[in-house]
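S.K.: Mind having a look at this structure? Questions to follow.
Readers should treat all values here as calculations from the given coordinates under stated rules, not as data from a laboratory. All figures in this text were calculated on a predicted structure; none of them were measured in a lab. FYI the Cβ positions are ideal-geometry reconstructions off the backbone, even for glycines, and counts take in every protein chain you see.
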Amino acid sequence: MAKSKERRESLVYHAKPKPGKIEVIPTKKYNSQRDLAIAYSPGVAIPCQEIEKDPSNVYKYTNKSNLVAVISNGTAVLGLGDIGPDASKPVMEGKALLFKIFADIDVFDIEINEKDPDKFVDVVKSISTTFGGINLEDIKAPEAFKIEKDLIEQLDIPVMHDDQHGTAIISAAALLNALELVDKKIEDVKIVVSGAGAAAIACTNLYISFGAKKQNIVMTDSKGVINKNRDNLTDEKKYFATDRKISSLEEAMVDSDVFIGLSMANIVSEEMLSSMSKNPIVFAMANPDPEINYDKAMSVRDDIIFATGRSDLPNQVNNVLGFPFIFRGALDVRATKINEEMKKAAVIALAELAKKPVPEQVNIAYDETKLIFGKEYIIPKPFDPRLISEIPPAVARAAIKSGVAQEPISDWDKYTQILEERLGSNQKLIRIIHRRARKAKNKKLVFTEADHLDVLKAAQICLEEGLAKPILLGGKKIIEELMESLEFNEEIEIIDPKDKVNKERIDKYSHILFKKLKRKGKTLDDVKRLLRGRDYFGSMMVENGDADCMLSGYSKSYPSVFVPLIRSIGKAKHVEKVAATNLMITKKGPLFCSDTSLNIDPTDKEIARITVDTARVVKNLGIEPVIAILSYSNFGSSDFDDAKKVSKAVEILHKNHPDLIVDGPIQSDFALNREMLKNRFPFSILNGRKVNTLIFPNLDAANITYKIIKELDNAVSVGPILIGLNKPIHILQLGASVDEIVNMSAISVIDANQRKIKKKW
């Protein structure tokens, strides 16, 4: 991506449609005068009085119990250094975003224009009563140590400097597992730490708390080995000063067992790596480029266990595995601090989670057949949905046991259920879909309407993000002009089916298509004329293997695109009716809706078939389908034909597909409200389960419903995902947004890849 374009895109992202990345959303109704009178004056006086009587009631009547402050003075921001509090705000907002999407924690970002650590502490202390916890961020060492220490001592809410402890917790979990794999004991191993900043010191201290011996640790900084001959060492560095007569990283690496890199790129040579002991453990965590290149390290040592901070390499040490869930557990028991016991509990929980069987959703997300605890899987993946149900309980238990919890949990099963239902466990599906598309390795995707600006923008994003290799159909001159306006400079295939230069290809495709249409009244000349249309041409590209998949429909009605596809590509062998499902990413998690686009009034058998085909799509995206077949009636309460056909469809499914979790007919509110369902219809097999798939009795109901959800809930819509075509071709909704086109591009690529490995949508 051109730097100027990258810069512009980043600025637009942060500025539009409204500046910033976070906002405050009301949690109570506010429609009537009565609502407002309770929310503010005079009704608000009552909770105020209750809090005055008992200050702990502030957790009961306000959002303090779920509110964290992300606080910085901007003195050590990413790799940018001391850029000041204002310039640090986008980073703090980004941290707030991660808290919300991974653990459903609300955040106010607070940037303080103060470098003096004592004054900084005073400011934070004075505002701390607003918050349930404080996350310190991007504060330079050594001031960061003093600030955190003073705030922990002076406040009665959890305080953690994530730059220090986040990396420490995640890397400690990885280290424990790596040592187990190579059969070495932490108290015996020789450890080299490159870097002596806040993160490096916090990491080393945590390793020591797990048994590492200080005399076995050598720490280096930009001036070499930290030894007792050095002058002007900070107190933190003095603690790690070694007695060994060495002065360089190269000397320190000889016969070492573990390398911890928190410094800068490419400072570890192949010779240094070769000098390490048998089965070395190397955590090269400098970002964006590690202390030694992964491929180089693998070529030098085949006995190595290697971790980095990068998402494109095995064993990513990512702070998002820690801080959202640590604060979640601390907040949920009203802990007065995050102590060593809680940090160690998080370490152990992360380490143990990596040893458990991995959900299929995670395997699919990372394009793995089966992730298994081993050299390339020593810590959980960030997309693992179990993180929110495993880490917070461990932290909460440690808080209770160590005596810092003010509101202990008694019903742990209920607590786990609450955690699983939180937003953080349900919002990762789009990221998973995109990751899977990247793993498919440059599948060729035909965009039939590339002379439309939004389609071309989407194609550019797909190329830049590695989701697909676009092929652009349309007027070449128009496309090139639009590309120039977008700074879309990459070499890319542009095809105009009407251009004479494509005559040879038209001739080839026409013979393939003629075989399909000759018994439908079409001559060879007719077929050649059809192939001047982009939908026919693109379809034949996919049919002939010149492309892997195709997207159309941005500027045309659904039927006008579907007819050419069904003529040229046709249905898959097992399919009676082609259908479509829409994936809705709602605030309560993913929801699949079928059939949203094609079958106007399906029969009972067709509904059953649509259900089975939809379930296959849901499973292929790593989700176990829990299916409700909807009606205006519940479980046979109506004798009208529309209700009876749904009942019959359910009977067919229960008889022929007993493995499917499906029930109906059922009204939508009972399907989506577990408490209502349990109270009124306890016999339903949907009881105790969260419905994630809705099958509608007709097209009206399905299409209207999913579009209402999209507009009123601001849900992300992915689809319609076509089910049952013979090739991986999909049709966009008329006027789809750039994001919707990108998401459907990823789906198209995944579809193509699944077919390659013989798993069809």
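S.K.: Given a Förster distance of 25 angstrom, what is the FRET efficiency for Ser410 paired with Met676, based on the Cβ-Cβ distance and rounded to 0.05? Mind dumping the intermediate values first?
M.R.: Working: r = 26 Å, r/R0 = 1.05.
Efficiency computed from Cβ-Cβ geometry: 0.45.
S.K.: Provide the FRET efficiency to the nearest 0.05 for the Asp302-Tyr239 pair, computing r from the beta carbons and using R0 = 41 Å. Walk me through the numbers before you get to the answer.
M.R.: Working: r = 36 Å, r/R0 = 0.88.
It comes to 0.70.
S.K.: Out of the DSSP beta bridges found with both residues in the chain, what percent are antiparallel (nearest 5)?
M.R.: Roughly 25 percent of the beta bridges in the chain run antiparallel, per DSSP.
S.K.: Moving on. I need the calculated FRET efficiency for the pair Ile685 and Gln215, taking r as the beta carbon distance and R₀ as 60 Å, to the nearest 0.05.
M.R.: Working: r = 62 Å, r/R0 = 1.03.
Taking R0 as 60 Å, the efficiency between Ile685 and Gln215 is 0.45.
S.K.: Ratio to report: Rg/Rh of the stretch 433-568, with Cα atoms as the point set and Rh obtained by the Kirkwood method; give two decimals.
M.R.: Values: Rg = 15.2 Å, Rh = 15.5 Å.
The Rg/Rh ratio comes out at 0.98.
S.K.: Let me ask another. Please pull out the direction-averaged projected area of the stretch 1-83, using the convex hull of its alpha-carbon atoms, in nm² to one decimal place. Intermediate values should be presented prior to the final figure.
M.R.: Values: hull surface 37.8 nm².
The orientation-averaged projected area of the Cα hull of the stretch 1-83 comes to 9.5 nm².
S.K.: Under a crude label model (7 Å from the Cα following the beta-carbon direction), how far is His657 from Ile704 in nanometres?
M.R.: Here the answer is 2.6 nm between the modelled labels.
S.K.: Taking the stretch 505-551, which chymotrypsin sites (Phe, Trp or Tyr not before Pro) meet the DSSP loop condition and have no more than 10 other C-beta atoms within 10 Å? Numbers along the way, then the final one.
M.R.: Details: sites: Tyr509, Phe514, Tyr536, Phe537; in loops: none.
Loop-located and lightly packed - none at all.
S.K.: Give me the Debye-computed log₁₀ of I(q)/I(0) at q = 0.12 Å⁻¹ for the stretch 165-310, equal point scatterers on Cα only, no solvent, two decimals.
M.R.: -0.42
S.K.: Multiply the residue separation of Ser269 and Cys48 by 0.36 nm, subtract the distance between their alpha-carbon atoms, and state the gained length in nm to one decimal.
M.R.: Details: separation 221, 0.36 × 221 = 79.56 nm, distance 6.32 nm.
Working it through step by step, the gained length comes to 73.2 nm.
S.K.: Can you give me the orientation-averaged projected area of the convex hull built on the Cα atoms of the stretch 248-378, in nm²?
M.R.: Working: hull surface 38.7 nm².
The orientation-averaged projected area of the Cα hull of the stretch 248-378 comes to 9.7 nm².
S.K.: What length, rounded to one decimal in nm, is gained on full extension from Lys29 through to Asn287, with 0.36 nm per residue of separation minus their alpha-carbon distance?
M.R.: Numbers: separation 258, 0.36 × 258 = 92.88 nm, distance 4.48 nm.
Gain on extension, Lys29 to Asn287, equals 88.4 nm.
S.K.: What is the angle, in °, between the Cα long axis of helix 699-712 and the longest principal axis of the Cα atoms in the chain? Nearest 10 is fine, range 0 to 90.
M.R.: 30 degrees
S.K.: With the contact rule set at Cα under 8 Å and sequence spacing of 6 or more, what percent relative contact order holds for the chain? Display every interim value, and only then the final one.
M.R.: Details: 1393 pairs, mean separation 70.5, N = 761.
Across the chain, relative contact order equals 9 percent.
S.K.: Using a simple spin-label model with points 7 Å from Cα along the Cα→Cβ vector, what separation in nm is obtained for Leu80 and Lys573?
M.R.: Placing both labels 7 Å beyond Cα along the Cβ direction yields 5.8 nm.
S.K.: Bin width 5 Å, origin at 0, all Cα-Cα pairs of the stretch 106-191: what percent of pairs per bin?
M.R.: Reading upward from the zero bin: 3, 12, 21, 19, 13, 9, 9, 7, 6, 2.
S.K.: Right, another one. Chymotrypsin sites (Phe, Trp or Tyr not before Pro), restricted to the stretch 579-659: which are DSSP loop and have at most 14 other Cβ atoms within 10 Å? Spell out each step's value before the answer.
M.R.: Working: sites: Phe592, Tyr632, Phe635, Phe640; in loops: Tyr632, Phe635, Phe640.
Sparse-neighbourhood loop chymotrypsin sites (Phe, Trp or Tyr not before Pro): Phe640.
S.K.: So, one more: Could you give the length gained by full extension between Thr62 and Lys16, i.e. 0.36 nm per residue of separation minus their alpha carbon distance, to one decimal place?
M.R.: Working: separation 46, 0.36 × 46 = 16.56 nm, distance 3.07 nm.
Extra length from Thr62 to Lys16 when fully extended: 13.5 nm.
S.K.: If you split all Cα-Cα distances of the stretch 147-186 into 10 Å bins from zero, what percentages do you get per bin, shortest first?
M.R.: With 10 Å bins starting at 0, P(r) equals 26, 32, 24, 17, 1.
S.K.: Moving to a separate point now. Relative contact order for the stretch 415-477 using alpha-carbon pairs under 8 Å, separation at least 6, rounded to a whole percent? Walk me through the intermediate numbers first.
M.R.: Values: 60 pairs, mean separation 22.2, N = 63.
Answer for the stretch 415-477 is 35 percent.
S.K.: Cut-off is 10 Å between beta-carbons; in what order do Tyr377, Tyr558, Tyr13 appear when sorted fewest neighbours first? Write out the running numbers ahead of the final one.
M.R.: Working: Tyr377 19, Tyr558 16, Tyr13 9.
By the 10 Å Cβ count, ascending: Tyr13, Tyr558, Tyr377.
S.K.: Ok, one more. For the stretch 137-220, which trypsin sites (Lys or Arg not before Pro) pass both filters: DSSP loop (anything but H, G, I, E, B) and at most 16 other C-beta atoms within 10 Å? The partial results should precede the final answer.
M.R.: Details: sites: Lys140, Lys146, Lys149, Lys184, Lys185, Lys190, Lys213, Lys214; in loops: Lys140, Lys184, Lys185, Lys190, Lys213.
For trypsin sites (Lys or Arg not before Pro) across the stretch 137-220 that sit outside H, G, I, E and B with at most 16 neighbouring Cβ atoms in 10 Å, the list reads Lys185, Lys213.
S.K.: Which entries in Lys18/Lys439; Lys190/Lys296; Lys344/Lys619 show an alpha-carbon gap greater than 27 Å?
M.R.: Check vs 27 Å cut-off fails for Lys18/Lys439; Lys344/Lys619.
S.K.: Here are labelled values, (1) 203; (2) 456; (3) 189, and one is the computed volume of the Cα convex hull per residue in Å³ for what I pasted. Which one?
M.R.: (3)
S.K.: Separate question: Pairing the Cα long axis of helix 476-485 with the longest principal axis of the chain, what angle in degrees results, from 0 to 90 and rounded to the nearest 10?
M.R.: Computed tilt is about 20 degrees.
S.K.: Moving on to the next point. Given the C-alpha centroids of the stretch 119-181 and the stretch 701-721, what is the distance between them in whole angstrom?
M.R.: So the separation of the two Cα centres works out to 42 Å.
S.K.: Then there is this: Neighbouring Cβ atoms within 10 Å as the yardstick, rank Lys64, Lys587 fewest first. Display every interim value, and only then the final one.
M.R.: Details: Lys64 19, Lys587 10.
If I rank by nearby Cβ atoms, fewest first, I get Lys587, Lys64.
S.K.: Can you work out the base-10 log of I(q)/I(0) for the stretch 244-321 at q = 0.12, 0.13 1/Å, using the Debye formula on its C-alpha atoms alone?
M.R.: Here the Debye-derived log intensity ratios amount to -0.30, -0.35.
S.K.: In which sequence would Val626, Val44 go, from the one with the fewest C-beta neighbours within 10 Å to the one with the most? Write down the numbers at each step before the final one.
M.R.: Details: Val626 19, Val44 13.
Ascending Cβ contact count within 10 Å gives the list Val44, Val626.
S.K.: Taking the Cα centre of each part, how many Å lie between the stretch 314-351 and the stretch 186-206?
M.R.: Each part reduced to its Cα centre gives a spacing of 19 Å.
S.K.: Quick one: angle between helix 3-15 and the longest Cα principal axis of the chain, in degrees between 0 and 90, rounded to 10, please.
M.R.: With both axes taken from Cα atoms, the answer is about 90 degrees.
S.K.: For Cα pairs less than 8 Å apart in space and 6+ apart in sequence, what is the mean separation divided by the residue count of the stretch 165-310, i.e. the relative contact order in percent? Intermediate results must be reported in sequence, preceding the final value.
M.R.: Working: 263 pairs, mean separation 30.3, N = 146.
With pairs under 8 Å counted, the relative contact order is 21 percent.
S.K.: Right, here's the next one. Once the Cα gyration tensor of the stretch 505-655 is diagonalised, what are the square roots of 5 times its eigenvalues, in whole Å and ordered largest first, as equivalent ellipsoid semi-axes?
M.R.: Values: eigenvalues 266, 66, 36 Å².
So the three semi-axes of the stretch 505-655 are 36, 18, 13 Å.
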